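Novice: Okay, here's the structure, questions in a sec.
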Amino acid sequence: MTAEPTFSPERVAVLRSGALPEIRAALAGLPREELAAWLATPEGEAVLRAAFERMPERYTGGITDGPRTARWEVARPPAGTVAYDLVLTEDTCDVREAAASGAPAVTLALDAVSFVEMASASAQGMDLLLKGRLRIEGDVQLAIRMESLFGLAEPGEPG
C-alpha cells in the first residue's frame, strides 16, 4: 500500500485561497499524477469543495433566461465524485450538492485535476473538451459560457 501524497501547509493554503495567480503558481511544475492522487484524499476533497463554495463570489451574472442549473461532476479516482449543482440567475449563483432528482440544463463532467486547471484559469474549457478531459451533456451554449460567467481570464492573464 502506498502512502497518501501530502502537500505542504503553505501549498494547501494557497490552493484554498481562491487567488488565481497564486493557485496557478502553486500548480506550475506539479506532476498531474501527484495532484490527482492528492485531490483523491480527504484534504484534496476539502479544497475542491471550497472552490465550489467560492463560486458565488466569482459569479459575474448574466443568465437572463434563468434560473438555469449547471451540474458539475468532478471525478477523483479511486475516491468518489464531488458533484454540485449551480443554480444560476441574472445576478445570483446558488451552490448546492447535486440533486438526485431534477435534470440540470447542462452537466459538465471532468477529472479533478482538469477542474482545478479550469477553475484557476490554468486551462480553458474548450481545450479540455478537445483533449477529451471534459464531457458536456445538455445545453452546450451554457457550458461554453461558464468561464465568462465566473470571470475566468485566458490562461496567463490576470484572473
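Novice: Hey, what did the range 107-155 get for relative contact order, percent, Cα under 8 Å, at least 6 apart?
Specialist: Reported relative contact order: 46 percent.
Novice: Moving on. Please report, in debye to the nearest 20, how large the charge dipole of the chain is about its Cα centre when each Lys and Arg carries +1 at its beta carbon and each Asp and Glu carries -1 there.
Specialist: With Lys and Arg at +1 and Asp and Glu at -1, about 180 debye.
Novice: Give a quick list of GluC sites (Glu not before Pro) in the range 48-118 that DSSP marks as loop, anything other than H, G, I, E or B, with at most 15 other Cβ atoms within 10 Å.
Specialist: Hits after loop and neighbour filter: GLU90.
Novice: Looking at the chain, do any whole DSSP H helices span at least 18 angstrom along their long axis by alpha carbon and average -1.0 or above on Kyte-Doolittle, and which?
Specialist: 42-58
Novice: Given bins 10 angstrom wide, list per bin the percent of all Cα-Cα distances in the chain, short to long.
Specialist: So the P(r) values, bin by bin, are 10, 42, 37, 10, 1, 0.
Novice: If you don't mind, there's one more thing I want to ask. Cβ under 15 Å from GLU73's Cβ, GLU73 left aside: what net charge do those residues give with Lys, Arg +1 and Asp, Glu -1?
Specialist: +1
Novice: Here's a follow-up. Normalised by the number of residues in the range 70-159, what is the relative contact order in percent for Cα pairs under 8 Å and 6+ residues apart?
Specialist: 25 percent
Novice: Just the number, please: carbon plus sulfur as a percent of the accessible area of the range 3-127, 1.4 Å probe, no ligands or DNA/RNA counted.
Specialist: Accessible surface attributable to carbon and sulfur in the range 3-127 totals 53 percent.
Novice: Determine the percent antiparallel among the DSSP beta bridges restricted to the chain, to the nearest 5.
Specialist: The antiparallel proportion sits near 75 percent.
Novice: Students sometimes get this wrong: rank LEU30, LEU20 by accessible area, probe 1.4 Å, all chains present, largest first.
Specialist: Final ranking, largest accessible area leading: LEU30, LEU20.
Novice: Using Cα pairs closer than 8 Å and at least 6 residues apart in sequence, work out the relative contact order for the chain, in percent.
Specialist: Reported relative contact order: 21 percent.
Novice: Treating only the Cβ atoms of Lys and Arg (+1) and Asp and Glu (-1) as charged, compute the dipole magnitude of the range 65-159 about its Cα centre; round to the nearest 20 debye.
Specialist: In total the dipole reaches around 340 debye.
Novice: With a 1.4 Å probe and every protein chain left in place, work out the accessible area per residue of the chain in Å², rounded to a whole number.
Specialist: 51 Å²
Novice: Given the options ALA51, LEU152, THR89, identify the residue whose Cα lies farthest towards the positive end of the charge dipole of the range 44-159 (+1 on Cβ of Lys, Arg; -1 on Cβ of Asp, Glu).
Specialist: Result: ALA51, furthest along the dipole toward the positive end.
Novice: Going by a ≥ b ≥ c, the root eigenvalues of the Cα gyration tensor, does the range 1-83 fall in the rounded group (a/c under 1.5), the prolate group (a/b larger than b/c) or the oblate group?
Specialist: Judged from the Cα gyration tensor, the range 1-83 comes out oblate (a/c at least 1.5, b/c at or above a/b).
Novice: Taking the Cα centre of the range 1-90 as the origin, how large is its charge dipole in debye, to the nearest 20, when only Lys and Arg (+1) and Asp and Glu (-1) carry charge on their Cβ atoms?
Specialist: 100 debye
The values are calculated or read from the model by the stated rules, or taken from the named source; none is laboratory data. Because the structure is a prediction, the values reported are computed rather than measured. Glycine also receives a Cβ, built like all others from the backbone with ideal geometry; neighbour counts cover every protein chain displayed. With ligands, DNA and RNA removed, areas are computed over all heavy atoms of the protein, side chains included. Shrake-Rupley method; radii C 1.70, N 1.55, O 1.52, S 1.80 Å.
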